[in-house]
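**Student:** For reference, the structure I am asking about is given below.
The values are calculated or read from the model by the stated rules, or taken from the named source; none is laboratory data. Given the structure is predicted, the values throughout are model-derived calculations rather than measurements. No Cβ is skipped: glycine too gets one built from the backbone with ideal geometry, and neighbour counts run over all protein chains shown. Quick note on the areas: whole protein, heavy atoms, side chains included, nothing else; ligands and nucleic acids left out. Shrake-Rupley method; radii C 1.70, N 1.55, O 1.52, S 1.80 Å.
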Amino acid sequence: MRPIDRRSLLGALGATVALVGLDSRGNAGPPATRPLAASGRPLRLVAVYTPHGRAHELWQPRAGFDIAYPDAILRPFDDPENHGKSFKNRILVLDGVDLSAGIAVGTTGHDGPRAILTGSGADGKNASLDQYLAVEKGLGADTPHSTVVLAVGNDQSAIGANISYAAGATPIPKWIDPAQTFAELFGTPLSGARREEQEHQRRIGKSVLDVLRHDLARLEQRAPASERTKLEQHQSALREIEKRLTAVERKCPAPPAPDASRFSKVRAFGGGEPYFDTITDLQVDLLARALACDLTRFATIFLADLTRSHLFAELPDDIHNEVVHRYDARTEKHPGTPATWHTLAVQNRYGYSKVARLMQRLDEAGILDDVVLYVSSDMGDPARHSSRSVPTLLGGGCGGHFKMGRYLDLRRDSAGTPNNRILVSICQAFGVDTNRFGHSADPEIVSGRLEQLHA
(Lines give C-alpha, C1' and ligand atoms only; values in the text may rest on other atoms or scores of the structure.)
Protein backbone atom coordinates (compact mmCIF):
# COMPACT_ATOMS: atom_id res chain seq x y z
CA MET A 1 0.00 0.00 0.00
CA ARG A 2 1.38 3.38 -0.99
CA PRO A 3 2.39 5.82 1.77
CA ILE A 4 0.09 8.70 2.52
CA ASP A 5 1.08 12.00 4.10
CA ARG A 6 -0.98 13.82 6.70
CA ARG A 7 -2.32 16.41 4.24
CA SER A 8 -3.56 13.71 1.89
CA LEU A 9 -4.97 11.77 4.79
CA LEU A 10 -7.04 14.69 6.02
CA GLY A 11 -8.23 15.42 2.50
CA ALA A 12 -9.39 11.84 2.06
CA LEU A 13 -11.06 11.88 5.44
CA GLY A 14 -12.93 15.05 4.53
CA ALA A 15 -13.98 13.54 1.22
CA THR A 16 -15.35 10.48 2.96
CA VAL A 17 -17.29 12.63 5.41
CA ALA A 18 -18.77 14.60 2.52
CA LEU A 19 -19.55 11.44 0.59
CA VAL A 20 -21.74 9.94 3.29
CA GLY A 21 -23.09 13.21 4.66
CA LEU A 22 -21.58 12.97 8.13
CA ASP A 23 -19.84 15.21 10.60
CA SER A 24 -16.60 14.26 12.33
CA ARG A 25 -17.93 13.46 15.77
CA GLY A 26 -16.98 10.00 16.97
CA ASN A 27 -16.23 7.58 19.73
CA ALA A 28 -12.88 7.27 21.47
CA GLY A 29 -11.80 4.10 23.18
CA PRO A 30 -13.78 0.97 24.01
CA PRO A 31 -17.33 1.37 25.30
CA ALA A 32 -17.74 1.53 29.06
CA THR A 33 -20.36 -0.45 30.96
CA ARG A 34 -23.75 0.75 29.80
CA PRO A 35 -25.55 2.75 32.53
CA LEU A 36 -29.16 1.82 33.22
CA ALA A 37 -32.02 3.69 34.82
CA ALA A 38 -33.98 2.12 37.66
CA SER A 39 -36.40 0.90 34.95
CA GLY A 40 -33.64 -1.25 33.47
CA ARG A 41 -33.66 0.85 30.29
CA PRO A 42 -30.70 2.92 29.03
CA LEU A 43 -29.98 6.17 30.86
CA ARG A 44 -29.96 9.33 28.72
CA LEU A 45 -28.58 12.85 29.19
CA VAL A 46 -30.01 16.10 27.79
CA ALA A 47 -28.50 19.49 28.68
CA VAL A 48 -30.35 22.73 27.95
CA TYR A 49 -28.96 26.25 27.93
CA THR A 50 -31.45 29.01 28.81
CA PRO A 51 -30.24 32.55 28.15
CA HIS A 52 -29.16 35.34 30.42
CA GLY A 53 -29.89 34.63 34.06
CA ARG A 54 -33.13 34.93 36.02
CA ALA A 55 -35.26 37.18 38.18
CA HIS A 56 -34.41 35.42 41.43
CA GLU A 57 -37.36 36.92 43.30
CA LEU A 58 -39.78 35.07 41.00
CA TRP A 59 -37.60 32.03 40.30
CA GLN A 60 -37.43 30.70 43.86
CA PRO A 61 -40.14 28.25 44.91
CA ARG A 62 -42.25 29.38 47.84
CA ALA A 63 -43.21 27.46 50.97
CA GLY A 64 -44.39 23.93 50.26
CA PHE A 65 -42.45 23.87 46.98
CA ASP A 66 -45.02 26.17 45.39
CA ILE A 67 -43.94 26.96 41.83
CA ALA A 68 -47.33 28.10 40.50
CA TYR A 69 -47.83 31.36 42.40
CA PRO A 70 -48.63 34.50 40.33
CA ASP A 71 -45.76 35.41 37.98
CA ALA A 72 -43.73 32.36 39.07
CA ILE A 73 -40.98 31.61 36.56
CA LEU A 74 -41.13 27.85 37.19
CA ARG A 75 -44.89 27.67 36.64
CA PRO A 76 -44.58 25.75 33.30
CA PHE A 77 -43.52 22.69 35.31
CA ASP A 78 -46.82 22.75 37.22
CA ASP A 79 -49.15 23.58 34.34
CA PRO A 80 -51.31 20.61 33.33
CA GLU A 81 -53.46 22.78 31.06
CA ASN A 82 -50.57 23.54 28.70
CA HIS A 83 -48.31 20.53 29.23
CA GLY A 84 -50.70 17.67 29.86
CA LYS A 85 -49.74 17.12 33.49
CA SER A 86 -47.67 18.60 36.30
CA PHE A 87 -43.95 17.83 36.28
CA LYS A 88 -43.40 19.38 39.69
CA ASN A 89 -42.28 16.02 41.11
CA ARG A 90 -39.84 15.60 38.23
CA ILE A 91 -37.69 18.69 38.80
CA LEU A 92 -34.98 19.50 41.33
CA VAL A 93 -34.40 23.23 41.81
CA LEU A 94 -30.79 24.09 42.73
CA ASP A 95 -30.24 27.60 44.13
CA GLY A 96 -26.73 28.96 44.58
CA VAL A 97 -24.85 27.12 41.84
CA ASP A 98 -21.78 29.04 40.60
CA LEU A 99 -19.83 28.57 37.38
CA SER A 100 -16.81 28.65 39.65
CA ALA A 101 -14.08 27.46 37.28
CA GLY A 102 -15.06 30.14 34.79
CA ILE A 103 -15.30 32.82 37.47
CA ALA A 104 -11.77 31.98 38.65
CA VAL A 105 -10.28 32.95 35.28
CA GLY A 106 -12.74 35.62 34.17
CA THR A 107 -14.84 33.42 31.87
CA THR A 108 -18.11 34.93 33.08
CA GLY A 109 -21.18 36.79 31.89
CA HIS A 110 -21.89 36.11 28.24
CA ASP A 111 -18.87 33.79 28.10
CA GLY A 112 -20.40 31.69 30.87
CA PRO A 113 -21.80 28.94 28.60
CA ARG A 114 -18.22 27.65 28.26
CA ALA A 115 -18.28 26.43 31.87
CA ILE A 116 -21.76 24.89 32.03
CA LEU A 117 -20.81 21.40 30.78
CA THR A 118 -17.02 21.59 30.81
CA GLY A 119 -16.63 22.79 34.40
CA SER A 120 -13.76 24.87 33.04
CA GLY A 121 -13.01 28.43 32.03
CA ALA A 122 -11.36 29.51 28.80
CA ASP A 123 -8.09 27.98 30.03
CA GLY A 124 -9.52 24.44 30.14
CA LYS A 125 -9.07 21.94 27.32
CA ASN A 126 -11.33 19.12 28.49
CA ALA A 127 -14.44 17.92 26.69
CA SER A 128 -17.91 18.88 27.86
CA LEU A 129 -19.89 16.37 29.90
CA ASP A 130 -21.97 15.11 26.97
CA GLN A 131 -18.90 14.49 24.81
CA TYR A 132 -16.93 13.02 27.70
CA LEU A 133 -19.59 10.43 28.45
CA ALA A 134 -20.69 9.67 24.90
CA VAL A 135 -17.35 9.84 23.11
CA GLU A 136 -14.44 9.49 25.54
CA LYS A 137 -16.21 6.90 27.68
CA GLY A 138 -17.87 5.28 24.67
CA LEU A 139 -21.39 5.40 26.10
CA GLY A 140 -22.76 6.72 22.82
CA ALA A 141 -21.37 3.82 20.79
CA ASP A 142 -24.62 1.87 20.59
CA THR A 143 -26.64 4.54 18.80
CA PRO A 144 -26.39 5.97 15.27
CA HIS A 145 -25.50 9.38 16.71
CA SER A 146 -23.10 9.42 19.62
CA THR A 147 -24.37 12.92 20.47
CA VAL A 148 -26.82 15.41 19.02
CA VAL A 149 -26.08 19.12 19.38
CA LEU A 150 -28.91 21.54 18.58
CA ALA A 151 -29.51 25.27 18.89
CA VAL A 152 -32.01 27.95 17.97
CA GLY A 153 -30.77 30.83 15.85
CA ASN A 154 -27.07 30.65 16.63
CA ASP A 155 -24.61 28.28 14.97
CA GLN A 156 -21.54 30.36 15.76
CA SER A 157 -18.45 28.85 17.38
CA ALA A 158 -17.81 31.72 19.81
CA ILE A 159 -17.16 30.87 23.45
CA GLY A 160 -20.48 32.38 24.52
CA ALA A 161 -22.50 30.45 21.95
CA ASN A 162 -21.68 26.83 22.84
CA ILE A 163 -22.01 24.34 25.66
CA SER A 164 -20.78 21.21 23.81
CA TYR A 165 -17.02 20.87 23.33
CA ALA A 166 -14.72 18.12 22.11
CA ALA A 167 -11.41 17.52 23.84
CA GLY A 168 -9.06 20.39 23.09
CA ALA A 169 -11.87 22.92 23.65
CA THR A 170 -13.20 22.56 20.12
CA PRO A 171 -16.90 23.55 19.94
CA ILE A 172 -19.17 20.93 18.39
CA PRO A 173 -21.12 22.29 15.38
CA LYS A 174 -24.79 22.90 16.14
CA TRP A 175 -27.80 22.14 13.96
CA ILE A 176 -30.11 25.18 13.94
CA ASP A 177 -32.39 24.35 11.00
CA PRO A 178 -35.16 21.83 11.84
CA ALA A 179 -35.01 20.60 8.24
CA GLN A 180 -31.36 19.70 8.74
CA THR A 181 -32.10 18.17 12.14
CA PHE A 182 -34.76 15.96 10.57
CA ALA A 183 -32.51 14.95 7.68
CA GLU A 184 -29.54 14.15 9.94
CA LEU A 185 -31.62 12.14 12.40
CA PHE A 186 -34.25 10.46 10.24
CA GLY A 187 -33.04 10.89 6.65
CA THR A 188 -35.26 10.41 3.63
CA PRO A 189 -36.67 6.95 2.80
CA LEU A 190 -35.24 5.75 -0.50
CA SER A 191 -36.42 3.16 -2.99
CA GLY A 192 -35.41 1.66 -6.30
CA ALA A 193 -32.44 3.21 -8.11
CA ARG A 194 -31.84 5.80 -5.36
CA ARG A 195 -31.49 3.04 -2.75
CA GLU A 196 -29.03 1.17 -5.01
CA GLU A 197 -26.98 4.34 -5.46
CA GLN A 198 -26.91 4.89 -1.70
CA GLU A 199 -25.66 1.35 -1.12
CA HIS A 200 -23.00 1.84 -3.80
CA GLN A 201 -21.80 4.99 -2.01
CA ARG A 202 -21.74 3.11 1.31
CA ARG A 203 -19.48 0.44 -0.21
CA ILE A 204 -17.12 3.11 -1.60
CA GLY A 205 -17.05 4.80 1.78
CA LYS A 206 -16.10 1.58 3.55
CA SER A 207 -13.26 0.96 1.10
CA VAL A 208 -11.86 4.44 1.73
CA LEU A 209 -12.13 3.87 5.47
CA ASP A 210 -10.02 0.71 5.23
CA VAL A 211 -7.22 2.70 3.57
CA LEU A 212 -7.48 5.57 6.03
CA ARG A 213 -7.44 3.31 9.07
CA HIS A 214 -4.26 1.59 7.92
CA ASP A 215 -2.48 4.85 7.15
CA LEU A 216 -3.62 6.48 10.39
CA ALA A 217 -2.10 3.60 12.32
CA ARG A 218 1.22 4.07 10.51
CA LEU A 219 1.18 7.82 11.07
CA GLU A 220 0.45 7.38 14.75
CA GLN A 221 3.62 5.34 15.19
CA ARG A 222 5.75 8.11 13.69
CA ALA A 223 3.90 11.18 14.97
CA PRO A 224 5.34 13.36 17.75
CA ALA A 225 3.39 13.57 21.00
CA SER A 226 2.02 16.98 20.05
CA GLU A 227 0.22 15.48 17.04
CA ARG A 228 -1.17 12.34 18.67
CA THR A 229 -4.26 14.01 20.10
CA LYS A 230 -5.25 15.16 16.61
CA LEU A 231 -4.66 11.69 15.21
CA GLU A 232 -6.78 10.16 17.96
CA GLN A 233 -9.58 12.54 17.02
CA HIS A 234 -9.29 11.41 13.39
CA GLN A 235 -9.47 7.79 14.54
CA SER A 236 -12.60 8.68 16.49
CA ALA A 237 -14.08 10.29 13.42
CA LEU A 238 -13.44 7.13 11.42
CA ARG A 239 -15.23 5.01 14.01
CA GLU A 240 -18.23 7.33 13.89
CA ILE A 241 -18.33 7.30 10.10
CA GLU A 242 -18.07 3.51 10.01
CA LYS A 243 -20.99 3.27 12.42
CA ARG A 244 -23.08 5.61 10.29
CA LEU A 245 -22.21 3.71 7.10
CA THR A 246 -23.74 0.60 8.60
CA ALA A 247 -27.46 0.49 7.93
CA VAL A 248 -29.43 0.93 11.14
CA GLU A 249 -32.97 -0.41 11.35
CA ARG A 250 -35.31 2.22 12.71
CA LYS A 251 -36.82 1.24 16.03
CA CYS A 252 -39.82 3.54 15.57
CA PRO A 253 -41.32 5.51 12.69
CA ALA A 254 -39.93 8.87 11.70
CA PRO A 255 -42.07 11.91 12.49
CA PRO A 256 -43.45 14.07 9.67
CA ALA A 257 -40.77 16.20 8.04
CA PRO A 258 -40.85 19.86 9.15
CA ASP A 259 -42.72 22.21 6.84
CA ALA A 260 -39.97 24.64 5.82
CA SER A 261 -42.55 27.21 4.73
CA ARG A 262 -43.19 27.89 8.42
CA PHE A 263 -39.62 29.16 8.99
CA SER A 264 -38.14 30.81 5.92
CA LYS A 265 -35.14 32.06 7.93
CA VAL A 266 -33.34 30.43 10.85
CA ARG A 267 -30.50 32.70 12.01
CA ALA A 268 -30.44 35.43 14.62
CA PHE A 269 -29.64 38.84 13.13
CA GLY A 270 -30.59 37.34 9.78
CA GLY A 271 -34.35 37.64 9.98
CA GLY A 272 -34.94 34.37 11.83
CA GLU A 273 -36.25 35.80 15.11
CA PRO A 274 -39.97 35.83 14.22
CA TYR A 275 -39.71 32.10 13.50
CA PHE A 276 -37.81 31.11 16.63
CA ASP A 277 -40.90 29.92 18.51
CA THR A 278 -41.80 27.54 15.70
CA ILE A 279 -38.18 26.46 15.29
CA THR A 280 -37.78 25.79 19.02
CA ASP A 281 -40.87 23.60 19.14
CA LEU A 282 -39.71 21.62 16.12
CA GLN A 283 -36.20 21.15 17.50
CA VAL A 284 -37.60 20.02 20.87
CA ASP A 285 -40.05 17.58 19.28
CA LEU A 286 -37.44 16.11 16.92
CA LEU A 287 -35.00 15.68 19.79
CA ALA A 288 -37.59 13.90 21.91
CA ARG A 289 -38.39 11.52 19.05
CA ALA A 290 -34.70 10.84 18.43
CA LEU A 291 -34.24 9.92 22.10
CA ALA A 292 -37.35 7.75 22.07
CA CYS A 293 -36.14 5.97 18.91
CA ASP A 294 -32.72 5.45 20.53
CA LEU A 295 -30.99 7.34 17.74
CA THR A 296 -28.95 9.04 20.46
CA ARG A 297 -28.67 9.03 24.26
CA PHE A 298 -26.73 12.27 24.66
CA ALA A 299 -27.92 15.66 23.46
CA THR A 300 -27.70 19.40 24.11
CA ILE A 301 -29.82 22.32 22.96
CA PHE A 302 -28.88 26.00 23.10
CA LEU A 303 -32.04 28.13 23.35
CA ALA A 304 -32.45 31.72 22.16
CA ASP A 305 -33.85 34.75 23.95
CA LEU A 306 -36.97 36.65 22.83
CA THR A 307 -35.22 39.51 21.05
CA ARG A 308 -37.24 40.65 18.01
CA SER A 309 -39.59 37.67 18.36
CA HIS A 310 -42.67 39.87 18.98
CA LEU A 311 -44.29 37.09 21.01
CA PHE A 312 -45.15 39.24 24.02
CA ALA A 313 -46.59 42.72 23.59
CA GLU A 314 -45.23 43.92 26.93
CA LEU A 315 -41.62 43.26 25.92
CA PRO A 316 -39.41 45.56 23.85
CA ASP A 317 -37.59 44.33 20.74
CA ASP A 318 -34.18 44.36 22.42
CA ILE A 319 -34.44 41.82 25.25
CA HIS A 320 -30.71 41.86 25.87
CA ASN A 321 -30.30 45.54 26.66
CA GLU A 322 -33.82 46.64 27.60
CA VAL A 323 -34.81 43.70 29.81
CA VAL A 324 -31.88 41.49 30.82
CA HIS A 325 -29.44 44.22 31.75
CA ARG A 326 -32.07 46.42 33.40
CA TYR A 327 -32.95 43.82 36.01
CA ASP A 328 -32.78 45.42 39.46
CA ALA A 329 -32.46 42.73 42.12
CA ARG A 330 -33.66 42.89 45.69
CA THR A 331 -30.90 42.73 48.30
CA GLU A 332 -30.67 43.15 52.06
CA LYS A 333 -30.02 46.86 51.59
CA HIS A 334 -32.01 47.56 48.43
CA PRO A 335 -35.68 46.78 47.68
CA GLY A 336 -35.12 46.33 43.96
CA THR A 337 -37.55 47.22 41.17
CA PRO A 338 -40.42 44.71 40.77
CA ALA A 339 -41.26 45.91 37.26
CA THR A 340 -37.85 44.69 36.09
CA TRP A 341 -38.46 41.33 37.75
CA HIS A 342 -41.68 40.92 35.80
CA THR A 343 -40.23 41.58 32.35
CA LEU A 344 -37.26 39.28 32.93
CA ALA A 345 -39.65 36.65 34.30
CA VAL A 346 -41.50 36.66 30.95
CA GLN A 347 -38.25 35.75 29.20
CA ASN A 348 -37.35 33.16 31.85
CA ARG A 349 -40.78 31.54 31.91
CA TYR A 350 -40.81 31.25 28.12
CA GLY A 351 -37.51 29.33 28.14
CA TYR A 352 -38.74 26.97 30.84
CA SER A 353 -41.97 26.39 28.89
CA LYS A 354 -39.83 24.83 26.16
CA VAL A 355 -38.09 22.63 28.71
CA ALA A 356 -41.52 21.58 30.00
CA ARG A 357 -42.53 20.81 26.42
CA LEU A 358 -39.49 18.54 26.10
CA MET A 359 -40.46 16.79 29.34
CA GLN A 360 -44.01 16.37 28.05
CA ARG A 361 -42.79 14.75 24.83
CA LEU A 362 -40.39 12.46 26.69
CA ASP A 363 -43.20 11.48 29.07
CA GLU A 364 -45.51 10.72 26.15
CA ALA A 365 -42.77 8.46 24.77
CA GLY A 366 -42.48 6.68 28.12
CA ILE A 367 -38.81 7.57 28.74
CA LEU A 368 -38.91 10.67 30.98
CA ASP A 369 -37.87 8.67 34.03
CA ASP A 370 -34.81 7.43 32.13
CA VAL A 371 -33.52 10.93 31.35
CA VAL A 372 -31.12 13.19 33.26
CA LEU A 373 -32.16 16.68 32.18
CA TYR A 374 -29.66 19.39 33.18
CA VAL A 375 -30.82 22.98 32.65
CA SER A 376 -28.53 25.94 33.29
CA SER A 377 -27.64 29.47 32.22
CA ASP A 378 -24.66 31.74 31.72
CA MET A 379 -25.56 34.24 34.45
CA GLY A 380 -27.38 34.65 37.73
CA ASP A 381 -27.85 38.42 38.05
CA PRO A 382 -27.64 39.50 34.39
CA ALA A 383 -27.43 43.22 35.17
CA ARG A 384 -24.08 42.54 36.84
CA HIS A 385 -22.97 39.95 34.25
CA SER A 386 -22.50 37.66 37.24
CA SER A 387 -22.03 33.91 36.78
CA ARG A 388 -22.74 33.27 40.44
CA SER A 389 -26.00 31.65 41.48
CA VAL A 390 -26.97 30.70 37.95
CA PRO A 391 -30.50 29.23 37.68
CA THR A 392 -30.04 25.47 37.67
CA LEU A 393 -32.52 22.62 37.40
CA LEU A 394 -32.35 18.88 37.10
CA GLY A 395 -35.36 17.32 35.45
CA GLY A 396 -36.80 14.01 34.37
CA GLY A 397 -36.54 10.96 36.57
CA CYS A 398 -32.72 10.94 36.44
CA GLY A 399 -32.91 7.16 36.33
CA GLY A 400 -33.75 7.06 40.03
CA HIS A 401 -30.29 8.32 40.98
CA PHE A 402 -31.41 11.66 42.45
CA LYS A 403 -34.34 12.57 44.68
CA MET A 404 -36.61 14.84 42.66
CA GLY A 405 -39.48 17.20 43.47
CA ARG A 406 -37.69 19.59 45.84
CA TYR A 407 -35.67 22.77 46.28
CA LEU A 408 -32.07 22.83 47.48
CA ASP A 409 -30.50 26.06 48.77
CA LEU A 410 -26.77 25.70 48.06
CA ARG A 411 -25.83 29.32 48.74
CA ARG A 412 -22.94 29.99 51.09
CA ASP A 413 -21.67 33.18 52.72
CA SER A 414 -18.97 34.13 50.24
CA ALA A 415 -19.89 32.04 47.21
CA GLY A 416 -22.17 29.32 46.00
CA THR A 417 -21.51 25.70 45.11
CA PRO A 418 -19.38 24.90 42.03
CA ASN A 419 -21.38 23.40 39.19
CA ASN A 420 -18.55 20.88 38.85
CA ARG A 421 -20.13 18.92 41.69
CA ILE A 422 -23.27 18.44 39.65
CA LEU A 423 -21.15 17.25 36.72
CA VAL A 424 -19.35 14.74 38.97
CA SER A 425 -22.69 13.47 40.30
CA ILE A 426 -24.00 12.98 36.77
CA CYS A 427 -20.82 11.14 35.78
CA GLN A 428 -21.31 8.78 38.70
CA ALA A 429 -24.97 8.26 37.76
CA PHE A 430 -23.68 7.10 34.36
CA GLY A 431 -21.35 4.62 36.02
CA VAL A 432 -18.11 6.59 35.62
CA ASP A 433 -15.81 6.14 38.60
CA THR A 434 -14.56 9.69 39.12
CA ASN A 435 -14.56 12.27 41.87
CA ARG A 436 -13.57 15.27 39.77
CA PHE A 437 -14.59 16.99 36.56
CA GLY A 438 -13.34 20.10 34.79
CA HIS A 439 -10.25 22.23 35.07
CA SER A 440 -9.21 24.78 37.69
CA ALA A 441 -6.08 25.76 39.56
CA ASP A 442 -8.15 25.31 42.71
CA PRO A 443 -8.70 21.57 43.26
CA GLU A 444 -11.64 22.25 45.58
CA ILE A 445 -13.64 23.62 42.64
CA VAL A 446 -13.35 20.52 40.46
CA SER A 447 -13.47 17.84 43.15
CA GLY A 448 -16.35 16.06 44.83
CA ARG A 449 -19.94 15.26 43.99
CA LEU A 450 -23.01 17.16 45.22
CA GLU A 451 -24.04 15.00 48.14
CA GLN A 452 -27.40 16.76 48.57
CA LEU A 453 -28.60 15.30 45.27
CA HIS A 454 -28.50 11.84 46.77
CA ALA A 455 -30.14 12.64 50.13
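**Student:** Would you check which residues across region 146-160 are touching a residue at least 60 places away in the same chain (Cβ under 8 Å), open to solvent by 10 Å² or more (accessible area, probe 1.4 Å) and either in contact with a strand residue (DSSP E or B) (Cβ under 8 Å, 6 or more places away or on another chain) or more than 17 Å from G109 (Cα to Cα) (or both) and list them?
**Tutor:** Going residue by residue through region 146-160, those that are touching a residue at least 60 places away in the same chain (Cβ under 8 Å) are 146-155, 160.
Checking the rest, the ones that are also open to solvent by 10 Å² or more (accessible area, probe 1.4 Å) come to 154-155, 160.
Those that are touching a residue at least 60 places away in the same chain (Cβ under 8 Å), open to solvent by 10 Å² or more (accessible area, probe 1.4 Å) and either in contact with a strand residue (DSSP E or B) (Cβ under 8 Å, 6 or more places away or on another chain) or more than 17 Å from G109 (Cα to Cα) (or both): N154, D155.
**Student:** Still on this structure, I have one more. Restricting attention to region 369-390, and to residues there that are among the small types (G, A, S) and out of contact with any His (no Cβ under 8 Å at 6 or more places or on another chain), which single residue is farthest from R412 (Cα to Cα)?
**Tutor:** Filtering region 369-390 for residues among the small types (G, A, S) gives 376-377, 380, 383, 386-387, 389.
Cutting the leftovers down to out of contact with any His (no Cβ under 8 Å at 6 or more places or on another chain) gives us 376, 386-387.
Details: S376: 19, S386: 16, S387: 15 Å.
Ranking the qualifying residues of region 369-390, first place goes to S376.
**Student:** Now a separate question. Pick from I91, I116, I103: which is more than 19 Å from V346 (Cβ to Cβ) and surrounded by fewer than 24 Cβ atoms within 10 Å (Cβ to Cβ)? Steps first, answer last, please.
**Tutor:** Details: I91 fails: surrounded by fewer than 24 Cβ atoms within 10 Å (Cβ to Cβ); I116 fails: surrounded by fewer than 24 Cβ atoms within 10 Å (Cβ to Cβ).
None of the other options fit; the residue is I103.
**Student:** So T343 ticks every box in (1) out of contact with any helix residue (DSSP H, G or I) (no Cβ under 6 Å at 6 or more places or on another chain); (2) β-branched (V, I, T); (3) under 13 Å from D381 (Cα atoms); (4) not in a loop (DSSP other than H, G, I, E, B) but one. Which box is left unticked?
**Tutor:** Condition not satisfied by T343: (3).
**Student:** Kindly indicate which of P173, P189, P144 is at pLDDT below 65 and not in a helix (DSSP H, G or I). Break it down stepwise before answering.
**Tutor:** Numbers: P173 fails: at pLDDT below 65; P144 fails: at pLDDT below 65.
Just a single option satisfies the conditions, and that option is P189.
**Student:** Taking the condition in contact with a helix residue (DSSP H, G or I) (Cβ under 6 Å, 6 or more places away or on another chain), closer than 29 Å to S128 by Cβ and in a helix (DSSP H, G or I), does L282 pass? Spell out the reasoning first.
**Tutor:** Values: in contact with a helix residue (DSSP H, G or I) (Cβ under 6 Å, 6 or more places away or on another chain): yes; closer than 29 Å to S128 by Cβ: yes; in a helix (DSSP H, G or I): yes.
So L282 passes the test.
**Student:** Now for a different question. With within 18 Å of the chain's Cα centre (by Cα), modelled with pLDDT of 95 or more and either assigned to a helix (DSSP H, G or I) or of a type in the set (A, V, I, L, M, F, W, C) (or both) as the only criterion, which of I445, I426 stands out? I'd like the intermediate steps shown before the answer.
**Tutor:** On the way: I445 fails: within 18 Å of the chain's Cα centre (by Cα).
After ruling out the rest, the residue left standing is I426.
**Student:** Tally the residues that are in contact with an Asp or Glu (Cβ under 7 Å, 6 or more places away or on another chain) and closer than 11 Å to A299 by Cα, restricting the search to region 125-172.
**Tutor:** 3
**Student:** Can you spot a residue in region 330-340 that is in contact with a helix residue (DSSP H, G or I) (Cβ under 6 Å, 6 or more places away or on another chain), at pLDDT 95 or above, outside any strand (DSSP E or B) and farther than 22 Å from L358 by Cβ? It would help to see each step written out before you state the result.
**Tutor:** As a first pass, look at region 330-340 and keep what is in contact with a helix residue (DSSP H, G or I) (Cβ under 6 Å, 6 or more places away or on another chain): 330, 340.
If we keep only those that are at pLDDT 95 or above as well, we get 330, 340.
Add one more test, that the residue is outside any strand (DSSP E or B), and what stays is 330, 340.
Going one step further and asking which of them are farther than 22 Å from L358 by Cβ, we end up with 330, 340.
There is at least one residue in region 330-340 that is in contact with a helix residue (DSSP H, G or I) (Cβ under 6 Å, 6 or more places away or on another chain), at pLDDT 95 or above, outside any strand (DSSP E or B) and farther than 22 Å from L358 by Cβ.
**Student:** Quick check on my filter: what residues within region 107-136 are farther than 14 Å from M379 by Cβ and more than 17 Å from the chain's Cα centre (by Cα)?
**Tutor:** Here is the first cut: in region 107-136, the residues farther than 14 Å from M379 by Cβ are 117-136.
Result: G121, A122, D123, G124, K125.
**Student:** Return the pair list, or none, for Cβ contacts closer than 7 Å from residues in region 303-331 that are without any contact (Cβ under 8 Å) to a residue 60 or more places away in the chain to residues that are open to solvent by less than 40 Å² (accessible area, probe 1.4 Å) and aromatic (F, W, Y), at least 6 apart or on different chains.
**Tutor:** So the pair list comes out as L306/Y350; S309/F276.
**Student:** Restricting attention to region 360-390, report how many residues are of a type in the set (S, T, Y), in contact with a helix residue (DSSP H, G or I) (Cβ under 6 Å, 6 or more places away or on another chain) and not in a loop (DSSP other than H, G, I, E, B). Break it down into steps so the answer makes sense when it comes.
**Tutor:** Step one: filter region 360-390 for residues of a type in the set (S, T, Y), giving 374, 376-377, 386-387, 389.
After this cut, where a residue has to be in contact with a helix residue (DSSP H, G or I) (Cβ under 6 Å, 6 or more places away or on another chain) as well, the list is 376, 387.
Cutting the leftovers down to not in a loop (DSSP other than H, G, I, E, B) gives us 376.
So the count comes out to 1.
**Student:** In addition: Of these, D442, D409, which one is open to solvent by 30 Å² or more (accessible area, probe 1.4 Å) and closer than 15 Å to L92 by Cα?
**Tutor:** Numbers: D442 fails: closer than 15 Å to L92 by Cα.
When all the criteria are applied, what remains is D409.
**Student:** Considering region 376-385 alone, what residues qualify as being surrounded by fewer than 24 Cβ atoms within 10 Å (Cβ to Cβ) and either closer than 12 Å to P113 by Cα or of a type in the set (A, V, I, L, M, F, W, C) (or both)? Steps first, please.
**Tutor:** Here is the first cut: in region 376-385, the ones surrounded by fewer than 24 Cβ atoms within 10 Å (Cβ to Cβ) are 381, 383-385.
A383 - this is the single residue of region 376-385 that is surrounded by fewer than 24 Cβ atoms within 10 Å (Cβ to Cβ) and either closer than 12 Å to P113 by Cα or of a type in the set (A, V, I, L, M, F, W, C) (or both).
**Student:** Could you say which residue among T278, T307 is at pLDDT below 95 and either open to solvent by 10 Å² or more (accessible area, probe 1.4 Å) or not aromatic (F, W, Y) (or both)?
**Tutor:** On the way: T278 fails: at pLDDT below 95.
Residue meeting the stated conditions: T307.
**Student:** Looking at (1) surrounded by fewer than 24 Cβ atoms within 10 Å (Cβ to Cβ); (2) within 21 Å of the chain's Cα centre (by Cα); (3) under 30 Å from E81 (Cα atoms), which is the only condition V432 fails?
**Tutor:** If we test V432 against (1) surrounded by fewer than 24 Cβ atoms within 10 Å (Cβ to Cβ); (2) within 21 Å of the chain's Cα centre (by Cα); (3) under 30 Å from E81 (Cα atoms), just (3) comes out false.
**Student:** Please enumerate the residues belonging to region 396-423 that are assigned to a loop (DSSP other than H, G, I, E, B), closer than 19 Å to S376 by Cα and touching a Leu at 6+ places or on another chain (Cβ under 9 Å).
**Tutor:** Within region 396-423, G396, G397, F402, K403, M404, G405, L410, G416, N419 qualify.
**Student:** Ok, one more. Go through (1) of a type in the set (A, V, I, L, M); (2) modelled with pLDDT under 95; (3) in contact with a strand residue (DSSP E or B) (Cβ under 8 Å, 6 or more places away or on another chain) one by one and return the number of the condition I163 breaks.
**Tutor:** The one condition I163 does not meet is (2).
**Student:** Could you tell me which numbered condition G366 fails, if it satisfies all but one of (1) small (G, A, S); (2) surrounded by fewer than 17 Cβ atoms within 10 Å (Cβ to Cβ); (3) touching a His at 6+ places or on another chain (Cβ under 7 Å)?
**Tutor:** (3)
**Student:** Let me ask something else. Could you tell me which numbered condition D433 fails, if it satisfies all but one of (1) assigned to a loop (DSSP other than H, G, I, E, B); (2) touching a residue at least 24 places away in the same chain (Cβ under 8 Å); (3) farther than 30 Å from L286 by Cβ?
**Tutor:** Going through the list (1) assigned to a loop (DSSP other than H, G, I, E, B); (2) touching a residue at least 24 places away in the same chain (Cβ under 8 Å); (3) farther than 30 Å from L286 by Cβ, D433 breaks only (2).
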